């Protein structure tokens, strides 16, 4: 499965592509490390959305995992970030999910990285996007599959 981890910070979407196949992780090359929203108006959001959608389509990304931000408090996300999140979530034929910091931390605790982040070849600003994608993939890999209610195993 190929996913795109996203950290929204200010007017930028820092991204990292990550795939897991046959138990091995792969960080594919990507023509963009971040996408910037220059105009928070309708035209700017539509351009950002189209650019993001094209990038995901070109790299055949199956799911986008957005690092969740609180709506209020010290680490609250800004209005522009929430507009960007909505623009991404509303892209047709793209599965998008938010993933909270608590879930990320728990997944990383259960499944620590086997290499140092510097060894990935990614830029430092991509680390939160990478850890979001990695933690989500590890959680999916190790989560128990849902049992059908009518299955004999459900009893």
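Taking region 53-79 as the region of interest, how many residues are assigned to a helix (DSSP H, G or I) and either over 18 Å from residue 13 (Cβ atoms) or modelled with pLDDT of 95 or more (or both)?
The qualifying residues number 6.
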If residue 104 passes every condition in (1) part of a helix (DSSP H, G or I); (2) within 25 Å of residue 138 (Cα to Cα); (3) touching a residue at least 60 places away in the same chain (Cβ under 8 Å) but one, which one does it miss? (3)
Residue 113 versus (1) buried (at least 18 other Cβ atoms within 10 Å of the Cβ); (2) at pLDDT below 95: which is the lone unmet condition? (1)
Being touching a helix residue (DSSP H, G or I) at 6+ places or on another chain (Cβ under 7 Å), closer than 18 Å to residue 85 by Cβ, modelled with pLDDT of 95 or more and in a strand (DSSP E or B), is that true of even one residue in region 22-32? no
Could you please find all residues in region 15-63 being touching a strand residue (DSSP E or B) at 6+ places or on another chain (Cβ under 6 Å), under 20 Å from residue 127 (Cα atoms) and loosely packed, with under 15 Cβ neighbours inside 10 Å? 26, 28, 36
Just the residues that are touching a helix residue (DSSP H, G or I) at 6+ places or on another chain (Cβ under 8 Å) and crowded, with 18+ Cβ neighbours inside 10 Å, please, taken from region 84-102. 84, 87, 88, 99
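The values are calculated or read from the model by the stated rules, or taken from the named source; none is laboratory data. Just so you know, these numbers come straight off a predicted model, no measurement behind them. Neighbour counts run over all protein chains shown; Cβ positions are idealised from the backbone, glycine included.
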